[in-house]
Amino acid sequence: MRLSRPTLGSVPLAALVAAYLLLLTNRTFWAKGLAYFSGHEAQLAALGLGLFLLLLAALTTLSMKYVVKPVLIALILVSAAASHFVDTYGFLIDCDMIANVALTSSAEAGNLMTPGFLLHMALFGLLPACLVALVRVRHRTFWGKFRQNSLVVFPSIAATLAIVLAFYPGFASTFRGHRDLLASLNPSAPLIAAVKYARMRIGERDYVAAPLGLDARAGARPGLLTASARRPVVTVLVVGETARSVEFGLNGYSRDTTPELAGRGVVSFTDVSSCGTSTAVSVPCMFSNLGRANYSDGGARSVENVLDVLTHAGIDVRWIDNDTGAYHVADRVPYAFLPESNDPRFCEGGECHDEILTERLKAELATVTKDTVIVLHQLGSHGPAYHERYPTAFERFAPACRTAEFADCTREEIVNAYDNTILYTDHVLAQAIDALAARPDLESAMLYVSDHGESLGENGLYLHAMPYFLAPSTQTTVPMIAWLSPSFAADRGIDAACLQAGRGASLSHDNLFHSLIGLANVSTAVYDEGLDAFASCRRAPPTGPHVAALPGAAS
């Protein structure tokens, strides 16, 4: 017996889908709305009605034959996926988040495909999408559809405008004070973000990096005739991933998450701000001289970065990656992507523990013949599968969450797993220092700074990539640690005691560009001594012109 399919007109179907999207894929939006409109629930109800009418008008406009079903199904699936991540982790889906998704590795993407996500997609995505596909849509002739749709679209828009005018003062003050409200609305927020990201990627084809720092030269070294001064100088920059400054024992955390670094004579700076809340923003920003206030993806792509300036000075620059890439920062320097090695000692499932970096560092040091800067890009503490970021031997804080499904763990277990990642980072950094210290034929230094922080359940937020203006300090305050060999400190004239005394100075990713140039002892007009985190403790600063960088750069 053949089953009969239900039949609906295109407008009723659009109305049903609009109501479904607004009411059942926007739990976070409504929860925020109830909080922000507390005492003014009538305004929230009016806002909901206006959003429904506006969405109905948009879907009715697209209710053409052969178009309406694919559009409705796509919107249902997008809203279902977005609602899971917004409701579960508390973050907003903006252009930076879309960039993170597009640029993430398959292994990291797999960590997000949890049983909870799949169940959510089945119930809120696939099931209603199948119902839409099952419905037989009754279409009118062209002019009949035009008349019918016009009777829905134009009155809906007019009613929406009337609602906005009637409640404008309340809407304006709420939206101005709580910009995250509409930014959590599905499906508009993810669609707008996707369009912005697509426009950004299309524009990338036209980017050509303008030269920067072509005047860069290696500065004079004190005691040039001494044997020690003729040794190659190696600066290792470790770019951390998702490390919270507050979780470092060196910075006063109640847990001893940094026992090895504590015995290495490092300086841990305690007040360092990130340029962004995601890797896709922070990494290119920290290597540019634009500063957070002036940073844009296009701006950074349109001009060379600090690695290019160092190269112009004749320094050997190398990038060794164990994360998701260099985000075009290393386009013009030698680059190695370690997960491709599938080294069984460190790698499994397309990801590698960070000790693969220190193993590679030892090999790189064996090939150093001149002044060199080596960038090591960590996988670090990237979530939500924190337990996969460290070997089981480093699971000191227990019980630790052993899944990427946070709903299956207590907050204490999630924090335990995260703290174990910091403990492992402590070990990796200590290994890097030991590798440098074991080479007395080199003058060496290590600088570590994370790209951004992480939320671990504070105020219901998890992970990172919140818009900067909304992000809590746990996502924007990052650890920065320096280690200088005695010969490096002497050659650069840096007073280690002075650095320790100034570890609480307010710094940011804006300082990295100029600090690297200063540590490398490079003379160039694009160097700003005022933004060099080490300059105030340098008894004999690098020679040559030191003038301000681009206007607006600040620490």
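Values quoted throughout were computed directly from the atomic coordinates according to the rules given, and no laboratory measurement underlies them. Please read all numbers here as calculations on a predicted model, not as lab measurements. Here the Cβ positions follow ideal geometry from the backbone for every residue, glycine too, while neighbour counts run over all protein chains shown.
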Value of Rg to Rh for the stretch 7-203 (Rh from inverse mean 1/r over Cα pairs, i.e. Kirkwood): 0.98
Compute, for the stretch 69-175, the length of the dipole vector about the Cα centre, with Cβ point charges of +1 (Lys, Arg) and -1 (Asp, Glu) only. Units Debye, rounded to 20. 920 debye
Principal axes of the chain: Cα extent on each, largest first, Å: 92, 49, 46
Name the lysines eligible as straight-distance cross-link partners of Lys145: C-alpha to C-alpha under 23 Å, and not fewer than 8 places from it in the same chain. Lys65, Lys69
Residues listed by number, the stretch 41-67, amide nitrogen under 12 Å from Gln148 label point at 7 Å toward C-beta: 63-65
Dipole of the chain (Lys/Arg Cβ +1, Asp/Glu Cβ -1, origin at the Cα centre): which of Pro339, Pro169, Leu507 lies farthest to the positive side? Pro169
Under 11 Å from the Cβ of Asp308, count the other residues' Cβ atoms, weight Lys and Arg +1, Asp and Glu -1, and hand me the total. -1
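Divide the volume of the convex hull of the Cα atoms of the stretch 297-385 by its number of residues and quote the answer in cubic angstrom per residue.
Here the figure is 107 Å³ per residue.
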Please compute the volume of the convex hull spanned by the alpha-carbon atoms of the stretch 233-483 and report it per residue in Å³. 125 Å³
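Provide Tyr168, Tyr207, Tyr20 in ascending order of the number of other Cβ atoms located within 10 Å of each residue's Cβ, fewest first.
Tyr168, Tyr207, Tyr20
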Evaluate the charge dipole of the chain about its Cα centre and quote only its size in Debye, nearest 20, assuming +1 on the Cβ of each Lys and Arg and -1 on the Cβ of each Asp and Glu. 2500 debye
Using Cα centres only, tell me the gap between the stretch 382-419 and the stretch 433-508 in whole Å. 23 Å
Could you state the number of Å between the C-alpha centres of the stretch 326-362 and the stretch 514-533? 28 Å
Positive minus negative residues near Asn26 (Lys, Arg vs Asp, Glu; Cβ under 11 Å): +1
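In the chain, which helices (entire DSSP H runs) extend 27 Å or more along their own long axis, judged by Cα positions, while averaging at least 0.5 on the Kyte-Doolittle scale?
Helices meeting the span and hydropathy rule in the chain are 41-61, 68-89, 142-166.
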Under 5 Å from the placed amide H of Val234, counting only residues 5+ away or on other chains, we find Thr372, Glu443, Ser444, Ala445
To the nearest Å, what is the center-to-center distance of the stretch 114-166 and the stretch 1-46, using C-alpha atoms only? 10 Å
Can you list the lysines whose alpha carbon is less than 22 Å from that of Lys362, not counting same-chain residues fewer than 8 positions off? Lys370
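Could you list the trypsin sites (Lys or Arg not before Pro) in the stretch 96-179 that lie in coil according to DSSP, counting only those with at most 14 other Cβ atoms within 10 Å of their Cβ?
Taking the stretch 96-179 and a limit of 14 other Cβ atoms within 10 Å, the loop trypsin sites (Lys or Arg not before Pro) found are Arg179.
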Would you mind working out the magnitude of the charge dipole of the stretch 7-203 relative to its Cα centre, with +1 at each Lys and Arg C-beta and -1 at each Asp and Glu C-beta, to the nearest 20 Debye? 820 debye
